[in-house]
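See structure below.
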Amino acid sequence: MIDVLVIGSGGAGLSAAINAAKEKAKVVVVSKSKLSNNHTVMAQGGINAALGNVESDSVNKHIEDTLKAAHGLASPDMVKLLCESAKGAIEFLDSCGVVFSRLKEAKEKIKSIAQRRLGGASAKRACYGKDFTGLRIFHSLLDCAIKEGINFLEDMLLLDLIVEEGKVKGAIFFDVKEGLIQELWAKTTILATGGFGGLYLNESTNIDLASGDGLVAVLQNGGAVSDLEFIQFHPTALKSSAILISESARGEGGYLVNSDGKRFVNELAPRDEVARAVYKELQEGREVFLDLRHLGKEKLLELMPQELELARLYEGVDASCELVPIKPVVHYSMGGIPVNEKMEAIGFENCFVVGEAANAKVHGANRLGGNSLLEIIAFGKIAGKNAAQKAKEIKFQNPNQSHIKKAQSELNHYFNKPIRINFYSARERLAKIFYEYVGIIRDEASLQKALIEVKKLQNQFEFMGIMDKSRKNNANVVDFYSFKNLLQLAPLVIHAALLRKESRGAHFRSDYPNEDAKFNYHILLKAREEKNADKN
Amino acid sequence: MQIKIKRGDEFKAYKIEKAKLLLEALLEIKHNIDYTLAFDYGCKSKVCGTCAVRVNGKETLACAHRIKDGDEVEPLRYEKHLKDLKVEQASIQKIAQTQGYLHEFCEYTMDAQDEAKNDIQSDCILCSSCFSACPVLEVNQNFAGPYALTRAYRYAVDKREANAKSIIEAVQKDGVWDCTLCGECTLVCPKGIDPKSDIMQLRNISAQHGYFDPNFSNNFGGFDPNFTF
């Protein structure tokens, strides 16, 4: 039997898997698509650790910066745990062979790692590998996981968790290659399924498959999710393709200028502030550009070759001598499945959550650049070790019955129902609704409008189904379930945004533009729109 | 504009209205014309390594290829073909074969120059383009292939590796000596990595560890005096 079932093959899943395997657990990593199809590979800027390699820094300053950006909604204990784990996380990555950019002068071990400043940081704190930090982290973790003999299963779509009397006993998947529903029984399960930026589709830096599958699985089993209203917009995505241009571009000295050629914001303020400032310029009819020209081609090639290539390929500009047109787009879901300090999902046994899927209360209302790569590594380790430990305590944990039947009849229903509406068009409609009405700036009227429009789509869902009828290698099934999940999460995000009648971090209400101390709590939501507030 | 996509044994033509990049064209087809078209994609920005295909006989990432009228699109070669443009990559098995990972971490000091030794190699996105372009795989499916050897090189020259010898040992059979140094892998790499050069370097390091080209001994040292034409 599997000791630790890890669902998700991004950095969070692999960090958990490797650490569980080091505890001698039998680990299986399951991925919705190809293993490398995740957001860790897309992370560019860096991973935070107050090493002080370049300038004076301290764990306390890292904690302060993180809490400040979180606007009162991060847990000081969890932030302390995160920041204190940072050095260990870098040492772990170093031991896996991650190629970091190094300082010119030779130094011992991680003291030689170069560091750069990202937004909201009081020091040069982000360790990086050019602007391929996440890519390099993922691949070294993958190599390390191969060394540990971890088993991988690709193209496995999560349909549901297997839950009996509050105990999670594995999960049910649609095996895309074989076209079959499969149960994987496990002593412990780790959800590392990522965020739900797919709600905004092409107005997001996320892959289309980012549909909060872990959140929906928890909701389906009576669990709660929290802080969904806090969706981070990244200030600098390419204008025509929404492809991410890393914060490191500003960290290394890049400017933001409008079509009058004027700078209009402190480029290294936290992302929520910069994104709103960019949005305001666009609303007032001016274009916004990232200006890297003064940095010089040589420096750009050394520090951010990827940004240069992306701007050239997808925007048709040479960033070393031309302005790069940008816009803010959705980047990260701060909210997720609430976990405790062991990364256990609140309300479930033998189930852990890590990464963007989790709400470990370290980002609060706004995440700092460089803290998510840190979270996946540091908290991935905690999740992996605890899951392996827990698995040792469990002798036998087979489900009392097979849970395939329900999933199978649902799948058959979606295959066989008459279809009148193309769900891909509905998915685009959903993204438009969210970008327009649940965007950087919201208000009561826009959110109510979004709710009505989402309800319409939910009613139309009856006329949507799986259009490709083939059994094997049917990606249409994956796209359909992803859309179904997003449509399930959509009203919860809107409800959370409606309930929070204030502005805080990434959640900005034009009708309540100020932060209000009475909302100093997390909004927890369950399925069927049952609401209550957790006043922690 | 019209592009052709290999489906089953035949190419099927599709009229493309809006798309400029191949990935956009594939999505246009899948969302509007034929929902059954199978292909993988993810980041749309050249880092997830899932959308590599062959266009007019040359490997490329669908997210980075500008389509031209008459383009012929096929799946990658030598991987297990699943459907249309979708293949199952052998990357886990191939990396396990060359043991392309850090074997034994050691104390070290490092500077920017040390890092430069395996800087570009660590940008590999595992798209398998080089694998599909490699003529050796056509005759020897056990050959490790370019990216897995580049991985081995990337760790073997890392200052943090205390046991490079075990990596070198792993690339002897169906590895460095089976490469023909044709350079097709280098030509198709979307990240500018040069596996051919990495393989040549691995041969040099192999020699330093006392390994030599088994073919060399067969061709010359193993010359059969009774052999006649």
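Placing a pseudo-label 7 Å from each Cα along the Cα-to-Cβ vector at A:K111 and A:K297 gives an inter-label distance of 3.8 nm. Helix B:146-156 axis versus longest C-alpha principal axis of chain B: approximately 40°, rounded to the nearest ten. Of the residues B:W177, A:W185, ranked by 1.4 Å probe accessible area with the largest first, the sequence reads A:W185, B:W177. Ordering A:V28, A:G45, A:G120 by Cα displacement along the dipole of the range A:14-121 toward the positive end leaves A:V28 in first place; charges were set at the Cβ atoms of Lys, Arg (+1) and Asp, Glu (-1). From the alpha carbon centroid of the range A:362-376 to that of the range B:107-183 is 34 Å.
Leaving ligands and nucleic acids aside, the A/B contact buries around 4700 square angstrom of accessible area in total at a 1.4 Å probe radius. Panel note: contact residues of the range A:32-47 (accessible area lowered by at least 40 Å² against the chain on its own; 1.4 Å probe) correspond to A:K34, A:S36, A:N37, A:M42. Applying the criteria of a DSSP loop state and at most 13 other Cβ atoms within 10 Å to the GluC sites (Glu not before Pro) of the range A:133-229 yields A:E165, A:E178.
Any chance you could tell me what percent of the C-alpha pair distances in the range B:91-216 go past 25 Å? More than 25 Å apart: 17 percent of the Cα pairs in the range B:91-216.
Separation of the range A:114-133 from the range A:237-303 is 17 Å, based on Cα centroids.
Averaging 1/r across all pairs of distinct Cα atoms in the range A:66-209 and inverting the result yields a Kirkwood radius of 19.1 Å. Distance between the pseudo-spin-label points of A:L180 and B:Q141 (7 Å out from Cα toward the beta carbon): 2.1 nm. Of A:G347, A:L157, A:A249, whose Cα points farthest to the positive end of the dipole of the protein assembly as shown (charges on the beta-carbon: +1 Lys, Arg; -1 Asp, Glu; origin at the Cα centre)? After comparing all options, I get A:G347. The GluC sites (Glu not before Pro) found in the range B:50-127 that occupy coil by DSSP, while having at most 15 further C-beta atoms within 10 Å, are B:E104, B:E107. Tell me, rounded to the nearest percent, the portion of alpha carbon pairs in the range A:431-526 spaced more than 21 Å apart. Value for the range A:431-526: 43 percent of Cα pairs lie more than 21 Å apart. Our summary gives the range B:2-88 a relative contact order of 34 percent, counting only alpha carbon pairs under 8 angstrom and 6 or more residues apart.
For A:K262, a cut-off of 18 angstrom between C-alpha atoms picks up these lysines, skipping any fewer than 8 places away in its own chain: A:K280, A:K327.
Can you give the translational diffusion coefficient of the range A:233-329 in µm²/s, computed by Stokes-Einstein from the Kirkwood radius over Cα pairs at 37 °C and 0.692 mPa s?
253 µm²/s
The overall shape of chain B is oblate: from the C-alpha gyration tensor, with semi-axes ordered a ≥ b ≥ c, the ratio a/c is 1.5 or greater and a/b is no larger than b/c. Screening chain A for DSSP H helices whose Cα atoms reach 27 Å or more along their own axis and whose mean Kyte hydropathy is at least 1.0 gives A:475-499. The orientation-averaged projection of the convex hull spanning the C-alpha atoms of the range B:1-83 amounts to 5.1 square nanometres.
List the relative contact order of chain B as a percent without decimals, with contacts defined as Cα pairs under 8 Å and 6+ residues apart.
Numbers: 383 pairs, mean separation 39.2, N = 229.
Result for chain B is 17 percent.
When chain A is described by a simple charge dipole with +1 on each Lys and Arg Cβ and -1 on each Asp and Glu Cβ, the residue from A:S211, A:L486, A:A17 located farthest towards its positive end is A:A17. In summary, the protein assembly as shown shows an alpha-carbon radius of gyration equal to 0.93 times the 2.2 N^0.38 Å reference for compact globular proteins.
Once both labels are positioned 7 Å from their Cα atoms along Cα-to-Cβ, the gap between A:S58 and B:K173 label points is 5.8 nm. Taking each of A:K406/A:K526; B:K20/B:K191; A:K187/A:K417; A:K177/A:K361; A:K34/B:K117; A:K455/B:K18 in turn, the alpha-carbon distance tops 27 angstrom for A:K187/A:K417; A:K177/A:K361; A:K34/B:K117; A:K455/B:K18.
Work out the FRET efficiency for A:A445 and A:N514 from their Cβ-Cβ distance, taking R0 = 22 Å, and round it to the nearest 0.05. Present the calculation step by step, with values, prior to reporting the outcome.
Numbers: r = 19 Å, r/R0 = 0.85.
Once the sixth-power term is evaluated, E becomes 0.75.
At a Förster distance of 56 Å, what's the computed FRET efficiency of B:N215 paired with B:K18, Cβ-Cβ distance as r, to 0.05? Intermediate values should be presented prior to the final figure.
Working: r = 52 Å, r/R0 = 0.93.
Result of the calculation: an efficiency of 0.60.
So what's Rg/Rh here for the range A:88-134, counting alpha carbon atoms and using the Kirkwood radius for Rh? Walk me through the numbers before you get to the answer.
Numbers: Rg = 10.7 Å, Rh = 11.2 Å.
My calculation of the ratio gives 0.95.
Applying the criteria of a DSSP loop state and at most 16 other Cβ atoms within 10 Å to the trypsin sites (Lys or Arg not before Pro) of the range A:98-180 yields A:K104. Placing R0 at 25 angstrom, the Cβ-Cβ distance between B:L187 and B:K117 gives a FRET efficiency of 0.60 after rounding to 0.05.
For chain A, A:C83, A:C127, A:C321, A:C351 stand unpaired, since no other cysteine beta carbon lies under 4.7 Å from theirs.
For chain A, give the percent of accessible area contributed by carbon and sulfur heavy atoms, probe 1.4 Å, rounded to a whole number.
Working: 8830 of 18070 Å².
On chain A, the fraction of accessible area on carbon and sulfur atoms equals 49 percent.
Within the protein assembly as shown, antiparallel bridges make up roughly 75 percent of the DSSP beta bridges whose residues both belong there. Expressed as a rounded percentage, what relative contact order does the range A:382-536 have, with Cα pairs under 8 Å and six or more residues apart? Rounded, it is 21 percent for the range A:382-536.
The values are calculated or read from the model by the stated rules, or taken from the named source; none is laboratory data. Owing to the predicted nature of the structure, the values given are computational and were not obtained by experimental measurement. With ideal geometry, Cβ positions are generated from the backbone for all residues, glycine too; neighbour counts draw on all protein chains shown. Ligands, DNA and RNA are stripped out before the accessible areas are found, and what is left, the full protein with its side chains, is counted by its heavy atoms. Shrake-Rupley method; radii C 1.70, N 1.55, O 1.52, S 1.80 Å.
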